[in-house]
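The values are calculated or read from the model by the stated rules, or taken from the named source; none is laboratory data. Being a predicted model, the structure only gives us computed values, none of them experimental. When we count neighbours, we look across all protein chains shown, and the Cβ atoms used for this are built from the backbone with ideal geometry, even at glycine. Accessible surface areas use protein heavy atoms only, side chains included; no ligands, DNA or RNA. Shrake-Rupley method; radii C 1.70, N 1.55, O 1.52, S 1.80 Å.
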Amino acid sequence: MELSDRNIRRISVLLLILLLAVLVFFLVRPIILSVVGGLLLAYTFFPLYRLVKNKIKVKNIAAIIVCLLAIIIIIVPLYFLIPFMINQVFGLFKAAQDFNMDGFVRVIFPSAPDPFIIQMTVTLDSLVNKISSAVLNTLVDVFLEIPVIMFHFIIVAFVFFFALKDSDKLSEFTSALSPLNKNQEKKLIQQFKDITNSILYGQIVIGIVQGIVTGIGFYLFGIPNALILTVLAMIFSVIPVLGPFFLWIPATIYLFTTGNTVAATVFLIYNILIVSNIDNILRMYLVSKRTNLSEVIVLIGMIGGLFIFGVLGLILGPLILAYFITFLQAYKENTLSSLFSVERSE
């Protein structure tokens, strides 16, 4: 079978595009996570940007205002809280070394035999020491990487600003590349928006808020090193299956063991009534009910994403996995079966 000149030109163009795509990948690979982070940040703040733009009518000024608000919301608190967090990390490390683990185990297992108590105490002591060492090593690594971190923050800020300002152009460009007709494209885009909202707002934002509410309880009831525990509560709240109860239950036991029975009881009620339900209440208002995203998908995506992409993988992993499953469902429903044969209809 002989190839026509038209087919040869078409294959040549495809090979050239493929080659350029590979080169572009290697070109942006060192900063690709920062670029994706800026895009996700822009998506998160886009409702606020749209509101500001409707009032001001000037894209540049609206994007600048939203970027400044994002800096105030994210960067400024970190600037003031990081020194306290560092002090509390070292305080937590010292408290872990001085903590009476034997008494703690005996409170949890009051009728257990001594050999079990001894073995459990040794195991928990070893676990706490390993976690403390890992946290301290991570802290040292962060200090050594400050110049690199600042460079990536600058990239995130630039992408964030231009993704907001040029959101219309990005939407038009993406739509022009799609081989689907308008109805198919609209349906898939809506599914992707629902999935993204479910993960960004339903899992990440609400998890952070739940962790902050947990931290308020730590502070009000006098739990030591409340700030670093709040950060851990935010992380645990974001990850499915886990949750802030992994922290407030030991904190409740701590209050009981120190003799603060009234405070421990009120603290327990606070966490059961408020902390354990605030995520469900917020999810009713922030997340569309049209997407019932399984927690298994989110958990697997987060774990895999964390190994591949680092901290940003907690967001990227579930998104990639959910998008893939959406494409499979669309193919099953014949939405994509004629992907390369359909002509876009206006």
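For mean projected area of the Cα convex hull in nm², the value calculated from this model appears in (1) 29.8; (2) 24.9; (3) 18.6 under label (2).
Coupling constants for the range 189-204 follow from the phi torsions by the Karplus curve (6.51 cos²θ - 1.76 cosθ + 1.60, θ = phi - 60°), and in residue order they are 4, 5, 5, 5, 5, 4, 5, 4, 4, 4, 7, 5, 8, x, 9, 7 Hz; glycine and proline get x.
Each helix, a run of at least 4 DSSP H residues, gives -39500 (n - 2.57); summed and divided by the residues of the chain, these come to -26000 deg cm²/dmol at 222 nm. Solvent-accessible surface (1.4 Å probe) assigned to K57 amounts to roughly 150 Å². Using Cα springs under 10 Å in a Gaussian network model of the chain, which residue among L312, L18, L200 shows the largest mean-square fluctuation? Of the options given, L18 has the highest mean-square fluctuation. Residues D114, D194, D102, sorted by accessible area with the largest first, give D114, D102, D194 [1.4 Å probe; ligands and nucleic acids excluded]. Each residue, I320 and V122, gets one label point 7 Å from its Cα in the Cβ direction; the gap between the two is 4.2 nm.
Calculated FRET efficiency, K59 to F26, Cβ-Cβ distance, R0 = 45 Å: about 0.90 to the nearest 0.05. Need one number: nm distance between label points at L68 and F80, each 7 Å from Cα along Cα→Cβ, rounded to one decimal. A separation of 1.8 nm, rounded to one decimal place. Of the residues E172, E145, ranked by 1.4 Å probe accessible area with the largest first, the sequence reads E172, E145. Ligands, DNA and RNA left out, the accessible area of the chain computed with a 1.4 Å probe is 72% carbon and sulfur. Coupling constants for the range 227-242 follow from the phi torsions by the Karplus curve (6.51 cos²θ - 1.76 cosθ + 1.60, θ = phi - 60°), and in residue order they are 5, 5, 5, 5, 4, 5, 5, 5, 5, 5, 5, 6, 7, x, 6, 6 Hz; glycine and proline get x.
Backbone geometry of the range 40-49 corresponds, through the Karplus equation with coefficients 6.51, -1.76 and 1.60 at θ = phi - 60°, to 3J(HN,Hα) couplings of 5, 5, 5, 5, 5, 8, 4, x, 5, 4 Hz, x marking Gly and Pro. Using a Gaussian network model of the chain in which every pair of alpha carbons under 10 angstrom is joined by a spring, one finds that among R283, R29, R50 the greatest mean-square fluctuation is at R29.
Computed with a 1.4 Å probe on the full set of protein chains, the accessible area for T138 sits at about 80 Å².
Comparing L319, L39, L69 in a Gaussian network model of the chain (Cα springs below 10 Å), the most mobile by mean-square fluctuation is L69.
Per-residue surface analysis assigns S126 an accessible area of about 50 Å², computed on protein heavy atoms at 1.4 Å probe radius.
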